Amino acid sequence: MKEQKSFQHTDGCLYLVPTPIGNLEDMTFRGIRILKEADLIAAEDTRQTRKLTAHFDIHTPLVSYHEHNQKQAGADLLAEMEKGKTIALVSDAGMPGISDPGEALAKLCIDAGIPVVALPGANAALTALVASGLPAKQFAFHGFLPRVKKDRKEALARLATANETMLFYEAPHRLSQTLAAMYEAFGDREIAIGRELTKKFEEYQRGLLSEAVAWTETGTIKGEFCLVVEGASQQANEEQEQWWAPLSEAAHVDHYIAIGLSQKDAIKQVAVDRGVPKRQIYQTYHQH
């Protein structure tokens, strides 16, 4: 285990500072203080962050750090911290490092022995989860699903038997097709959809996946969405186990290929379903 050593105020340091996901009143006192005291603020979008710093009278210099420049910008920021400077990292909204390049900078600092300090604060996925009414004892965050239809199908097929509540982000122009794909992969289970969380037009839709698919035909599909989806029940998993029983191993593989999985992933899934080594399924499939 790597232990982060204690550090003095004069040492270089990376602070991960959450910013509001909509309502500026959700900014913490500590977050404002760190942004004021830091030598630099590394921002995913400096134009967006300037609105925040102007509102809170923060005058710390801003530098750009995003997915397209993260290699060079990350090296530059690390060099500044090695000189003893304090960097505060922010994303456009919410917790830096969640579905953005912040995780790469944190890893870079950890590998170099630079202290990394995360502040608690706003996060869209957890906000949606606790307001969903769905079980929060066990949950898994999956971020954005793949954009390519085939890849999305594969990802959802792998999640179909997961028992924990699942959290996703989705953009408005992909919401309808994502919900339809979930309904196809998961069947009709509970879902909560959060839109524009903490903002003026915050809205939740709660119900079944079939109802959510229908809602996309008439609902307001604007802003960013959080999807909280019920995990598979024990009964559903038992039924899932039973459906393939009449099939041969080869036919079982062909079924998964037919719904969009690659041959490699289909063989892997059949091995998981049947509780046998992947090599056995591979050999059987290529002999038939």
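The values are calculated or read from the model by the stated rules, or taken from the named source; none is laboratory data. As the structure is a computational prediction, the values presented were derived from the model and not from experiment. Here Cβ is always computed from backbone atoms with ideal geometry, including for glycine, and neighbour counts include all displayed protein chains. Surface accessibility is based on the protein's heavy atoms, side chains included, excluding ligands, DNA and RNA. Shrake-Rupley method; radii C 1.70, N 1.55, O 1.52, S 1.80 Å.
A few remarks follow.
- Magnitude of the charge dipole for the chain, about its Cα centre and with charges confined to Cβ atoms of Lys, Arg (+1) and Asp, Glu (-1), is about 440 debye.
- Ranking Leu197, Leu105, Ala118 by how far each Cα lies toward the positive end of the dipole of the stretch 99-201 (charges on Cβ) leaves Leu197 at the top.
- Counting all C-alpha pairs of the stretch 135-288, share separated by more than 25 Å (%): 35
- Across the protein chains, with a 1.4 Å probe defining accessible surface, the residues Lys222, Lys278, Lys85, Lys200 rank Lys200, Lys222, Lys278, Lys85 from largest area downward.
- Projecting the Cα atoms of Pro146, Thr46, Gln72 onto the charge dipole of the chain (Cβ charges, centred on the Cα centre) puts Gln72 farthest toward the positive pole.
- Convex hull volume of the C-alpha atoms in the chain, normalised per residue: 166 Å³.
- Carbon plus sulfur fraction of accessible area for the stretch 112-256, probe 1.4 Å, in percent: 52
- Angle between the chain longest axis and helix 249-258 axis [Cα atoms, degrees, rounded to 10]: 50
- Beta bridge orientation in the stretch 139-288: antiparallel %, DSSP, nearest 5: 80
- The phi torsions of the stretch 191-200, fed into the Karplus equation with coefficients 6.51, -1.76 and 1.60 and a -60° offset, translate into couplings of 8, 10, 10, x, 10, 6, 4, 6, 8, 4 Hz, rounded to whole numbers, with Gly and Pro shown as x.
- Degrees separating the helix 234-243 axis from the principal Cα axis of the chain, which is the longest one: 50
- Surface share of carbon and sulfur [accessible, 1.4 angstrom probe, percent] for the stretch 1-108: 50
- For a straight C-alpha distance cut-off of 16 angstrom, the aspartates and glutamates reachable from Lys268 (same-chain residues fewer than eight places away being disregarded) are Asp151, Glu154, Glu241, Glu249, Asp254.
- Accessible area per residue, Å², the chain with all protein chains present, probe 1.4 Å: 55
- Accessible area of Arg189 (1.4 Å probe, protein heavy atoms only, ligands and nucleic acids ignored): about 20 Å².
- Relative contact order, percent, the chain [alpha-carbon distance under 8 Å, six or more residues apart]: 17
- Note on Asp57 and Asp254: the model spin-label points, each 7 Å out from Cα along the C-beta direction, lie 7.4 nm apart.
- Listed residue pairs exceeding 20 Å between alpha carbons, taken from Lys71/Lys153; Lys83/Lys107; Lys150/Lys264; Lys149/Lys199; Lys71/Lys150: Lys71/Lys153; Lys149/Lys199; Lys71/Lys150
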